[in-house]
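K.L.:
Okay, here's the structure, questions in a sec.
The values are calculated or read from the model by the stated rules, or taken from the named source; none is laboratory data. Quick caveat: nothing in here was measured; it's all calculated off a predicted structure. Here Cβ is always computed from backbone atoms with ideal geometry, including for glycine, and neighbour counts include all displayed protein chains.
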Amino acid sequence: MSGHVWLLPLKNLDDDARAIKLGEIALLELGEGQQKFVGDPLRMMLIGLEEESRHPFAVDANGAAVGVLTLQAGAATLAGWPEDHTAWLLRGFLIDRRQQGKGLGTLAAEAAVREAAKLTADLGSGQAGVVLSVNELNPGGQAAYRKAGFEDRGRYEGGDAGPQRIMYRAF
């Protein structure tokens, strides 16, 4: 795995930069079968911009958006975590199908944990790590999260697309 990714917080960009980045996000493509696991990237980012608890990010590599992710406060139970406010929820995470297999998902997941730690310090919100749920039928996603230091914390039956694995990484 080589390369670098940057997480660009969409809420912190000026209107012009945000419009450019959203245009790039609109061109992201899901891999075959991914639509079962994740929503439309542009729609997810627009929702994230409207909700105070969500912090949407463009995943950038080589100056262009290659993916998206959102960190959400107060929503960890949506991934099967026992308490909403002890962890950030990592949701809506995807890497463009043309960029998959290059290690960018692992790099972005690692960067998301660093960003969540910064948000916790800046907001004084008290989370201790990041939690997510990944579908049991998504071994590539599970492998990327494990490589990024996430630990499997058990099964969650609440996913819309079937059973999920709860994965967690402390700061």
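K.L.:
Given the criteria within 18 Å of residue 156 (Cα to Cα) and touching a residue at least 40 places away in the same chain (Cβ under 8 Å), does residue 91 qualify?
P.N.:
Spelling it out, residue 91 is indeed within 18 Å of residue 156 (Cα to Cα) and touching a residue at least 40 places away in the same chain (Cβ under 8 Å).
K.L.:
I would also like to ask the following. Give the residue, chosen from 130, 113, 66, 134, that is touching an Asp or Glu at 6+ places or on another chain (Cβ under 7 Å) and β-branched (Val, Ile, Thr).
P.N.:
Answer to the check: 66.
K.L.:
Quick check on the range 82-94. Is at least one of its residues touching a Phe, Trp or Tyr at 6+ places or on another chain (Cβ under 6 Å), surrounded by 18 or more Cβ atoms within 10 Å (Cβ to Cβ) and among the small types (Gly, Ala, Ser)?
P.N.:
Yes, some residue in the range 82-94 is touching a Phe, Trp or Tyr at 6+ places or on another chain (Cβ under 6 Å), surrounded by 18 or more Cβ atoms within 10 Å (Cβ to Cβ) and among the small types (Gly, Ala, Ser).
K.L.:
I'd like to know if the range 155-170 contains one or more residues that are modelled with pLDDT of 95 or more, outside any strand (DSSP E or B) and either surrounded by fewer than 23 Cβ atoms within 10 Å (Cβ to Cβ) or touching a strand residue (DSSP E or B) at 6+ places or on another chain (Cβ under 9 Å) (or both).
P.N.:
No; the residues of the range 155-170 include none that is modelled with pLDDT of 95 or more, outside any strand (DSSP E or B) and either surrounded by fewer than 23 Cβ atoms within 10 Å (Cβ to Cβ) or touching a strand residue (DSSP E or B) at 6+ places or on another chain (Cβ under 9 Å) (or both).
K.L.:
I'd like the full set of residues that are without any contact (Cβ under 8 Å) to a residue 40 or more places away in the chain, within 16 Å of residue 95 (Cβ to Cβ) and in a helix (DSSP H, G or I), limited to the range 1-44.
P.N.:
Within the range 1-44, 26, 35, 42 meet the criteria.
K.L.:
Another one. For residue 110, indicate whether it is charged (D, E, K, R) and touching a residue at least 24 places away in the same chain (Cβ under 8 Å).
P.N.:
Yes; evaluated as a whole, the condition is true for this residue.
K.L.:
Shifting gears a bit: Which of the residues spanning the range 129-154 are surrounded by 14 or more Cβ atoms within 10 Å (Cβ to Cβ), among the hydrophobic types (A, V, I, L, M, F, W, C) and out of contact with any strand residue (DSSP E or B) (no Cβ under 6 Å at 6 or more places or on another chain)?
P.N.:
Listed by number, the residues that qualify are 137, 144, 148.
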